[in-house]
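K.L.:
Structure below; questions to follow.
Every read-out reported here was derived from the displayed coordinates using simple, explicitly stated rules and does not represent laboratory data. Bear in mind that the values here come from a model prediction, so they are computed numbers and not experimental data. Cβ atoms come from the backbone with ideal geometry, glycine included; neighbour counts cover every protein chain shown.
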Amino acid sequence: MNDTICALATAPGGALGIVRVSGSKAFDAVSSICSVRCAECAANTVHYSHLIELDAVSHHPVPIDEVLVSIFKAPHSYTGEDSVEISCHGSRYILNKVLELLIQNGCRMANPGEFTQRAYLNGKMDLSQAEAVADLIASNNKATHQMAMSQLRGGISTKLAQLREQLLKLTSLLELELDFSDHEDLEFADRNELLALTKTIDTHITRLADSFETGQALKQGIPVAIVGKTNVGKSTLLNALLKEDRAIVSDIHGTTRDTIEDTIDISGITFRFIDTAGIRQTTDQIEQIGITRTYAAIDKARIILWLIDAEPTESELQEMRERCKDKSLIVIQNKIDKSNDNLTFSPSHPLTFSSSHLLTLSPSHLLRLSAKYGIGLDTLRQRLLDAAPKTADSDVIISNARHYDALIRAHSHLQRVIDGMHQQLSGDLLAEDLRLTLDTLSEITGGQITPNEVLGNIFKNFCVGK
């Protein structure tokens with residue numbers, strides 16, 4: 001923490017580049033290579049300057065570039081330390097020269113994520129907010145950007161602080177009883193109120209943990225399995241959605257023998273489509289493996305697109321419903337272009353199949369389209385958005401596996417508290433599990449001393465310069 005660090009904060013190859021410097025000697029190091037006396041400058045100001053290097057022979061200053069120098073004084077900077085950002089032209093030579101000169105004047109190259117790690121250690125943000133910085137950089141759509149921004153603004157921290165405050169009150173009352181252990185009948189914490197409040201807190205923790213599945217789906221892409229019998233147009237539909245020939249299309253049955261995946265962005269949400277092998281009875285061992293993987297894809301997907309070109313039997317519909325429990329099932333009648341050569345039909349018309357068992361599905365789960373001609377794809381995209389997880393701006397969504405693990409352990413501790421109260425255990429045993437719950441929740445925000453190996457694991461995948 002005593003070192004002064006520097007790093008390139010922008011991707012190389014652009015018109016401009018930014019080099020960041022942070023630490024107790026940041027001002028001296030930058031002043032030694034620029035015509036700006038950083039320590040004398042006002043905080044949060046930008047100054048035009050020349051980047052200079054002393055000639056090795058004459059020791060005369062040699063201009064390298066014209067730069068802008070931004071000054072940030074502790075504690076009002078990103079890291080909480082004296083910091084400088086040098087904006088120069090994006091030439092690799094210039095950028096490398098800036099770093100070389102800074103190192104010659106007392107800096108060292110920053111490790112991945114070291115700027116953000118210093119921000120955490122200096123109290124500028126908690127650990128969950130620090131992790132949100134990496135998520136913000138990695139966000140590739142509107143949904144993941146919103147989740148990262150919510151976490152960076154303290155959405156998770158605020159929620160956990162409320163729960164910890166309630167737990168701390170309960171723990172304090174139980175421990176106060178221990179101070180008066182000579183009075184066996186004295187209770188500061190009413191057990192019925194304690195039980196009710198513990199269950200309420202546990203409900204909030206469980207709800208947060210349950211949001212992890214949604215967070216992962218939004219982060220990695222909502223999995224959508226395209227399933228159906230052979231030759232119903234699954235690969236054609238995938239290609240139409242992706243607007244490229246990603247999957248092989250053929251009239252030969254059983255062409256697709258493995259799952260094919262790709263993603264598209266629809267209105268800021270990423271969907272991960274999985275084209276599967278056609279479901280049919282076959283003696284081909286390779287095709288059977290593909291069909292087994294089709295069922296595995298159904299198990300992992302949140303949305304199922306079931307393509308049909310002929311009326312399914314009642315048993316087929318029932319089987320698909322059983323496989324798609326707790327999932328969004330959309331039944332799609334494909335190849336409607338074959339029923340009308342002039343293509344004047346509308347995808348919004350009901351299915352041409354009229355069996356009562358199929359019509360028991362909600363109209364929003366039934367769709368007609370022609371994947372070959374792209375008719376009905378806009379309606380399908382809207383149906384996918386309707387089936388995607390719904391999140392409000394105020395929702396706290398967990399997308400970090402470390403946070404999820406801590407919440408599950410906190411839930412386990414609280415369950416022991418609840419079970420202990422049902423068994424009328426003593427207050428000291430209950431207080432111990434409440435303290436464990438508090439410590440576990442503190443791991444998420446770093447409210448307690450966090451081991452160096454945990455910090456190293458969190459920041460090792462950050463960008464250098466961030």
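K.L.:
With the contact rule set at Cα under 8 Å and sequence spacing of 6 or more, what percent relative contact order holds for segment 23-102? Please report the intermediate quantities before stating the final value.
P.N.:
Numbers: 132 pairs, mean separation 22.0, N = 80.
Reported as a whole number, the value is 27 percent.
K.L.:
For a Förster distance of 35 Å, can you work out the FRET efficiency between the beta-carbons of residue 60 and residue 16, rounded to the nearest 0.05? Don't skip to the answer; put the middle values down first.
P.N.:
Details: r = 28 Å, r/R0 = 0.79.
Step by step, r from the Cβ atoms, then E = 0.80.
K.L.:
Just to be sure I follow: if Rg is taken over the C-alpha atoms of segment 1-144 and Rh is the Kirkwood radius over the same atoms, what is Rg/Rh? Each step should come with its number before you reach the end.
P.N.:
Numbers: Rg = 15.7 Å, Rh = 15.8 Å.
Rounded to two decimals, Rg/Rh equals 0.99.
K.L.:
Mind giving me the FRET efficiency for residue 381 and residue 162? R0 is 30 Å, r the Cβ-Cβ distance, nearest 0.05 is fine.
P.N.:
0.20
K.L.:
Let me spell out the model: positive unit charges on the Cβ of Lys and Arg, negative unit charges on the Cβ of Asp and Glu, origin at the Cα centre of segment 56-125. What dipole size does that give, in debye rounded to 20?
P.N.:
Numbers: 6 positive and 7 negative charges, 31 e Å.
Here the size comes out at about 160 debye.
K.L.:
Right, another one. Of the options 404, 456, 444, report the single residue whose Cα projects farthest towards the positive end of the charge dipole of segment 402-466 (beta-carbon charges: Lys, Arg +1; Asp, Glu -1).
P.N.:
Checked the options; the winner is 456.
K.L.:
A 28 angstrom limit on the alpha carbon distance is what I want to check against. Which of 124/390; 169/390; 124/219; 243/338; 243/335; 300/338 exceed it? Don't skip to the end; give the middle numbers.
P.N.:
On the way: 124/390 32 Å; 169/390 34 Å; 124/219 26 Å; 243/338 22 Å; 243/335 18 Å; 300/338 33 Å.
Those over the limit are 124/390; 169/390; 300/338.
K.L.:
Rounded to whole Hz and in sequence order, give me ³J(HN,Hα) for segment 100-109 from the Karplus expression 6.51 cos²θ - 1.76 cosθ + 1.60, θ = phi - 60°, writing x for Gly and Pro.
P.N.:
4, 5, 5, 5, 5, 10, x, 8, 10, 5
K.L.:
Report the paramagnetic label zone for residue 104: residues of segment 11-37 whose backbone N is under 17 Å from a point 7 Å from Cα along the Cα-to-Cβ axis.
P.N.:
Inside the label zone: 28-36.
K.L.:
Working from the alpha-carbon coordinates of segment 1-86, get Rg over Rh, Rh being the Kirkwood radius.
P.N.:
On the way: Rg = 13.2 Å, Rh = 13.4 Å.
With Rh from the inverse mean 1/r over Cα pairs, Rg/Rh is 0.98.
K.L.:
So who's got an amide H within less than 5 Å of the one on residue 53, skipping anything under 5 residues away but keeping other chains? H placed 1.01 Å off N, in plane.
P.N.:
Those lying under 5 Å, H to H, from residue 53 are 62, 64.
K.L.:
Of 11, 36, 107, which is farthest along the charge dipole of segment 1-125 in the positive direction, counting Lys and Arg as +1 and Asp and Glu as -1 at C-beta?
P.N.:
11
K.L.:
Each residue of segment 34-48 in order: what ³J(HN,Hα) in whole Hz does its phi give by Karplus 6.51 cos²θ - 1.76 cosθ + 1.60, θ = phi - 60°, with x for Gly and Pro?
P.N.:
Ordered by residue, 3J(HN,Hα) equals 10, 8, 10, 8, 4, 4, 8, 7, 5, 5, 6, 10, 10, 10, 6 Hz.
K.L.:
In Å, the Kirkwood hydrodynamic radius of segment 367-408 over pairs of distinct alpha carbons?
P.N.:
Values: mean 1/r = 0.0745 Å⁻¹.
Hydrodynamic radius (Kirkwood, Cα pairs) of segment 367-408 is 13.4 Å.
K.L.:
Let me ask something else. Could you give the spread of the C-alpha atoms of segment 403-466 along their three principal axes, from largest to smallest, in whole angstroms?
P.N.:
Projected onto the principal axes, the Cα atoms of segment 403-466 cover 54, 19, 14 Å.
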